[in-house]
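Notes follow once the structure below has been shown.
The values are calculated or read from the model by the stated rules, or taken from the named source; none is laboratory data. Since we're looking at a predicted model, the values are computed, not measured. Here the Cβ positions follow ideal geometry from the backbone for every residue, glycine too, while neighbour counts run over all protein chains shown.
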């Protein structure tokens, strides 16, 4: 899919800035985020960052919407996707605050860019739950996974697939979008495993976590290093793994090196079964979505998060944010059935297309 960054006119910047400024000076008593609604009848705003990564629309959104309704039958969820544009996301946040949401669940496009709007939300009496990515500003709650551990799992799996010790091996690191706080954690975790074990031939930051941008970066790495001199690729997520594998095939690499991933996208799971991708990292979308929904409903009711949060997290702007940090799981062909199928993420029928029937049988994926 193509990474798109929409153009921003001076007029757009002015309008968003003026709206945020107006919200910042609005007295908290003037807007409680839910008007005169009862504690069991309010609106939760859900803002997700992108459509490039399939999980946001296919998993997170429906899971969060469903769980909020289960916990608060008379509550409503209003939804917006920013399509990787931070200015658009600020507009969406301002619109939701103005319309009277009581809580926002924010999957930020850029952890720094939304700080002023998060401050505006707090000033207007609207709590913000930071979802999957830790945004700057006065966040009320945070739900995600241990990002450093995600990177460790990827690094460990890559070394194992390269038949470590592999001191003479050369890898390419396809890191995530530098505007995301998660990308730095993934990279830090991976490097803690890989340093001194392999040679890092090239390392790239990938804007938008985009398949196309990863493809372009990988093509550049192949040109620089040579198609036969890349022994592994640390791809930070499955969308980028797809771009990496496509570039390797275009370069006529017949024996693909190990390629990591993350998010357990269906096409990535199928690539793992087919032998094109070595692993992915499964982060239980259901557990993450349910924790965020529980936080949002509790905050909307004016309750504390002590019974939901299991730890606290510090951001550059806010300390001791009540947090739920879940445990990621490495998935290879050997444990797809015990993880993704067992948890109901995918059925064997969804994974095992006719072209993969033999490979699925080899992996023990039979109906």
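Data table
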quantity: Helices (runs of 4 or more DSSP H) completely within the range 233-317 that count 2 or more residues being in contact with a strand residue (DSSP E or B) (Cβ under 6 Å, 6 or more places away or on another chain) and touching a residue at least 12 places away in the same chain (Cβ under 8 Å); calculated: 238-250, 285-300
quantity: Number of positions in the range 84-100 that are part of a helix (DSSP H, G or I), touching a residue at least 60 places away in the same chain (Cβ under 8 Å) and under 15 Å from residue 123 (Cα atoms); calculated: 3
quantity: Members of the range 46-78 that are surrounded by fewer than 17 Cβ atoms within 10 Å (Cβ to Cβ) and closer than 19 Å to residue 133 by Cβ; calculated: 51, 57, 58
quantity: Meets criteria (part of a helix (DSSP H, G or I), outside the structural domain of residue 240 (by TED's automatic domain parsing) and surrounded by fewer than 23 Cβ atoms within 10 Å (Cβ to Cβ)) for residue 122; calculated: yes
quantity: Failed item in (1) at pLDDT below 95; (2) in contact with a helix residue (DSSP H, G or I) (Cβ under 6 Å, 6 or more places away or on another chain), with residue 280 passing the rest; calculated: (1)
quantity: Considering residues of the range 109-131 that are modelled with pLDDT of 95 or more and under 17 Å from the mean Cα position of the chain (by Cα) only, the residue nearest to residue 64 (Cα to Cα); calculated: 131
quantity: Test for residue 173: is it touching a residue at least 60 places away in the same chain (Cβ under 8 Å) and either outside any helix (DSSP H, G or I) or more than 21 Å from the chain's Cα centre (by Cα) (or both); calculated: yes
quantity: Of all residues in the range 319-344 being farther than 22 Å from residue 151 by Cβ and not assigned by TED's automatic domain parsing to the domain that holds residue 130, the one that is surrounded by the fewest Cβ atoms within 10 Å (Cβ to Cβ); calculated: 344
quantity: Test set (1) in contact with a helix residue (DSSP H, G or I) (Cβ under 8 Å, 6 or more places away or on another chain); (2) surrounded by fewer than 23 Cβ atoms within 10 Å (Cβ to Cβ); (3) closer than 29 Å to residue 233 by Cβ - residue 83 fails condition number; calculated: (1)
quantity: Residue list for the range 145-158, filter: in contact with a strand residue (DSSP E or B) (Cβ under 8 Å, 6 or more places away or on another chain) and either in a helix (DSSP H, G or I) or at positive phi (or both); calculated: 150, 153, 154, 155, 156, 157, 158
quantity: Residue check for residue 117: surrounded by fewer than 24 Cβ atoms within 10 Å (Cβ to Cβ), in a helix (DSSP H, G or I), in contact (Cβ under 8 Å) with a residue 24 or more places away in the chain and not assigned by TED's automatic domain parsing to the domain that holds residue 236; calculated: no
quantity: Residue 63 part of a strand (DSSP E or B) and within 27 Å of residue 282 (Cα to Cα); calculated: no
quantity: Residue count for the range 345-355, restricted to those that are surrounded by 19 or more Cβ atoms within 10 Å (Cβ to Cβ), modelled with pLDDT of 95 or more and assigned to a loop (DSSP other than H, G, I, E, B); calculated: 1
quantity: Criterion (closer than 30 Å to residue 331 by Cα and over 13 Å from the mean Cα position of the chain (by Cα)) met by exactly one of 156, 91; calculated: 156
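Yes/no matrix, rows are residues, columns are (1) at pLDDT 95 or above; (2) crowded, with 17+ Cβ neighbours inside 10 Å; (3) over 23 Å from the mean Cα position of the chain (by Cα); (4) assigned to a helix (DSSP H, G or I):
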site: 142; (1), (2), (3), (4): yes, yes, no, no
site: 163; (1), (2), (3), (4): no, no, yes, no
site: 168; (1), (2), (3), (4): no, no, yes, no
site: 179; (1), (2), (3), (4): no, yes, no, no
site: 189; (1), (2), (3), (4): yes, yes, no, yes
